Amino acid sequence: MSPVLEPVVPLSARRRTVPRWLRRTTGPLVLLIAWQVCSATGVLSPDTLASPGTIARTASDLIGDGTLPHAMLVSVQRVLVGLLIGAVAGVSLALVSGLSRLGEDLVDATVQMLRTIPWVGMIPLFIIWLGIGEAPKIALISLGVTFHLYLNVYAGIRGVDAQLIEAGTSLGLGRWGLIRHVVLPGALPGAMTGLRYSLATAWLALVFGETINADDGIGFLLNRAREFFQTDVIVVCLIVYAALGLLADFIVRTLERLLLQWRPSFTGK
């Protein structure tokens, strides 16, 4: 009787039996459980950091009375307006500098000089120039977004393979044809990377911007909670910042998959 051969299952295939989403949530769940245990046993004082249960109840109260949704709406509007202005400025400057040597000579040195200045340090000048209304908050967000997009789009344009340019020229493409069909698609990965960095910077700039005489928004709730030592409200605001940042990053990742289908990439093993 001949032996029965059984298929050999690779070790990597066995590891895939655990869903990826479960592996990704293990770390946060362990941290949350440890946090709750420390709060319940008195190791972590409520004055130092509120327990997860208290934070959940506070979040429910803030959502129930409409305070948190309204603050989120105001903050998201500020980020979107600042992101739009910064994106237009950053991409425009990158196109001028990246597509032309004359443009590079006129633009790049100035932008490189300005980007070395900490944009947070511009808050006093923005207050003097623009007052204490919405303008300085949006200007601060726009400034942080502009430099990230400029650097990545410019690097993407200048990183296009010269052989692709030669191939396009040999196929009869003119200057604008090369820009449209070769240069801009080649710079798109860099632009998407710049957009992800810009979104992260936009949320960071929002935190600083909403300290400028803000009477609404997540930053306003955060500052008011700090004055009254409300650690539960502070953590709720931080969680909202994190959730909005993750949502924005997810949207950009989705755009990357849709717009960069032509580019094969390594996704890990």
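The values are calculated or read from the model by the stated rules, or taken from the named source; none is laboratory data. These figures come from a predicted structure and were not determined experimentally. Neighbour counts run over all protein chains shown; Cβ positions are idealised from the backbone, glycine included. Please note that ligands, DNA and RNA were not included when accessible areas were found on the heavy atoms of the full protein model with its side chains. Shrake-Rupley method; radii C 1.70, N 1.55, O 1.52, S 1.80 Å.
Determine which member of the set ILE141, ILE132 is in contact (Cβ under 8 Å) with a residue 24 or more places away in the chain and either in contact with a Ser or Thr (Cβ under 8 Å, 6 or more places away or on another chain) or crowded, with 23+ Cβ neighbours inside 10 Å (or both).
Exactly one of ILE141, ILE132 is in contact (Cβ under 8 Å) with a residue 24 or more places away in the chain and either in contact with a Ser or Thr (Cβ under 8 Å, 6 or more places away or on another chain) or crowded, with 23+ Cβ neighbours inside 10 Å (or both), namely ILE141.
Scanning for something closer than 23 Å to GLY82 by Cβ, assigned to a helix (DSSP H, G or I) and within 18 Å of the chain's Cα centre (by Cα), does segment 221-234 turn up at least one residue? Can you show your working first?
First, pick out the residues of segment 221-234 that are closer than 23 Å to GLY82 by Cβ: 221-224.
Within this subset, residues satisfying the condition of being assigned to a helix (DSSP H, G or I) are 221-224.
Now restrict to residues that are within 18 Å of the chain's Cα centre (by Cα): none.
No, segment 221-234 contains no residue that is closer than 23 Å to GLY82 by Cβ, assigned to a helix (DSSP H, G or I) and within 18 Å of the chain's Cα centre (by Cα).
Looking only at segment 168-183, how many residues end up being open to solvent by less than 80 Å² (accessible area, probe 1.4 Å) and in contact (Cβ under 8 Å) with a residue 12 or more places away in the chain?
5
Could you list all residues from segment 232-253 that are open to solvent by less than 90 Å² (accessible area, probe 1.4 Å) and among the aromatic types (Phe, Trp, Tyr)?
Within segment 232-253, just TYR241 meets the criteria.
Quickly run through segment 16-51 and pick out the residues that are among the β-branched types (Val, Ile, Thr), open to solvent by 100 Å² or more (accessible area, probe 1.4 Å) and more than 18 Å from THR231 (Cα to Cα).
To start, the set of residues in segment 16-51 that are among the β-branched types (Val, Ile, Thr) comprises 17-18, 25-26, 30, 33, 37, 41, 43, 48.
So of that shortlist, the ones also open to solvent by 100 Å² or more (accessible area, probe 1.4 Å) come out as 17, 33, 43.
Within segment 16-51, THR17, ILE33 meet the criteria.
Can you tell which of ARG158, ARG196, ARG175 is over 26 Å from ILE63 (Cβ atoms) and under 20 Å from the mean Cα position of the chain (by Cα)? Talk me through it step by step, then tell me what you get.
Numbers: ARG158 fails: under 20 Å from the mean Cα position of the chain (by Cα); ARG175 fails: under 20 Å from the mean Cα position of the chain (by Cα).
On inspection, the qualifying residue turns out to be ARG196.
Would you mind stating whether LEU246 is in contact (Cβ under 8 Å) with a residue 60 or more places away in the chain and out of contact with any strand residue (DSSP E or B) (no Cβ under 7 Å at 6 or more places or on another chain)?
no
Of the residues LEU83, LEU114, LEU95, which is farther than 30 Å from ILE212 by Cβ and among the aliphatic types (A, V, I, L, M)?
None of the other options fit; the residue is LEU95.
List the pairs whose first member sits in segment 207-236 and is modelled with pLDDT under 85, whose second member is among the β-branched types (Val, Ile, Thr) and open to solvent by 30 Å² or more (accessible area, probe 1.4 Å), and whose Cβ atoms are under 6 Å apart, counting only residues at least 6 apart or on separate chains?
If the second residue must be among the β-branched types (Val, Ile, Thr) and open to solvent by 30 Å² or more (accessible area, probe 1.4 Å), the pairs left are ILE212/ILE132; ASN213/ILE132.
Going through ALA242, ALA248 one at a time, which residue ends up being within 22 Å of MET72 (Cβ to Cβ), touching a Leu at 6+ places or on another chain (Cβ under 9 Å) and either part of a helix (DSSP H, G or I) or at pLDDT 90 or above (or both)? I'd like the intermediate steps shown before the answer.
On the way: ALA242 fails: touching a Leu at 6+ places or on another chain (Cβ under 9 Å).
None of the others qualify; the one that does is ALA248.
Tell me, which residue of segment 52-104 that is basic (Lys, Arg) and farther than 30 Å from THR41 by Cβ is least open to solvent (accessible area, probe 1.4 Å)?
Checked segment 52-104; the qualifying residue least open to solvent (accessible area, probe 1.4 Å) is ARG78.
For segment 186-200, which positions are touching a residue at least 60 places away in the same chain (Cβ under 8 Å) and either more than 14 Å from VAL76 (Cβ to Cβ) or of a type in the set (Asp, Glu) (or both)?
Answer for segment 186-200, where residues must be touching a residue at least 60 places away in the same chain (Cβ under 8 Å) and either more than 14 Å from VAL76 (Cβ to Cβ) or of a type in the set (Asp, Glu) (or both): ALA187, LEU188, PRO189, ALA191, MET192, GLY194, LEU195, SER198.
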